[in-house]
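Just so it is clear, none of the values below were taken in a lab; they were calculated from the coordinates. These figures come from a predicted structure and were not determined experimentally.
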Amino acid sequence: MERIPNASNILYECAQFRNVHAIFLCGLIDYYFAKPRITGINHLKSAADAGHCEAMYLYGMALINEKQLAEGAKYIKMLWTKRGFEAVWQCLENCSRVVQEMSIREYRGYEMLVSQIEVGDEGVVGQFEEVGDEWLIYNEILCFIDYI
């Protein structure tokens, strides 16, 4: 909690006026630092549903972190289809420090998730043009593990 600036009240006020980035930042504070996790996850979902890229990525990864693979995969796929692979990669870069704060850091849990995903030969296609959804989620989980 000491990492959260005292002036963060303005974020919550902006979020009440439906500022999407403020909602996203409130979600980060609540979910990862202040720990009223249900409020935080709701803020992240609201921002993700409004199209905020980092919110889509972090909400998806938070759901995957909590073993809700199908729902988490939906948000990462949505980010990929709406914004492209570069946006997913940029979110991975932008959110790496936040991802490290996720509460569950057990490799076995992620290995179990990875083993449940069917990855076909389409995962090796050229510039990711026809890559299957399963490959994308598989790759995101592996990238997530690398940051832990």
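You can think of it this way: the chain between A70 and N9 has 18.5 nm of extra reach, that is 0.36 nm per residue less the Cα-Cα gap. Segment N94..A50, full-extension length gain: 14.0 nm, with 0.36 nm per residue of separation and the alpha-carbon distance subtracted.
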